[in-house]
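Right, one structure below, let's go through it.
The values are calculated or read from the model by the stated rules, or taken from the named source; none is laboratory data. Because the structure is predicted, anything quoted here is derived from the model rather than measured. Every residue, glycine among them, receives a Cβ derived from its backbone with ideal geometry; neighbour counts consider all protein chains shown. Ligands, DNA and RNA are excluded from the accessible area calculation, which covers all protein heavy atoms including side chains. Shrake-Rupley method; radii C 1.70, N 1.55, O 1.52, S 1.80 Å.
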Amino acid sequence: MAQQHHIATTKIAGFIGLAAGVIAALISFLTKAPGTAVTLGGIATVIGVISLWMSRKNTDDMQLATAGLFMAVVSLVIGLSVG
């Protein structure tokens with residue numbers, strides 16, 4: 001029973017990291033304020049690192065969190081390049 005809980009937790013962490021990164025990158029493309037893009041990118045980066053740490057036991061879920069972390073960095077780069 002504990003194994004199923006562990007699998008669900010890592011999968012949820014991976015998807016949360018991915019969702020945070022994608023949302024931050026999407027808003028960074030749409031916003032005109034570089035401060036917003038940098039702030040959201042920073043928040044998504046922190047969420048991505050936590051998700052990466054939580055999903056470290058499963059490679060597939062870790063890849064989801066890594067993709068979210070990449071998108072968060074894209075959001076930061078967009079904000080820093082516009083400003």
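Points to keep in mind about this one:
- Test: residue in the range 44-60 that is surrounded by 15 or more Cβ atoms within 10 Å (Cβ to Cβ) and acidic (Asp, Glu): no
- Contact map, the range 17-31: first residue crowded, with 17+ Cβ neighbours inside 10 Å, second residue not in a helix (DSSP H, G or I), Cβ cut-off under 8 Å, separation 6 or more or different chains; pairs are GLY17/SER55.
- The set of residues in the range 32-43 being open to solvent by 70 Å² or more (accessible area, probe 1.4 Å) and under 11 Å from ILE78 (Cβ atoms) is empty.
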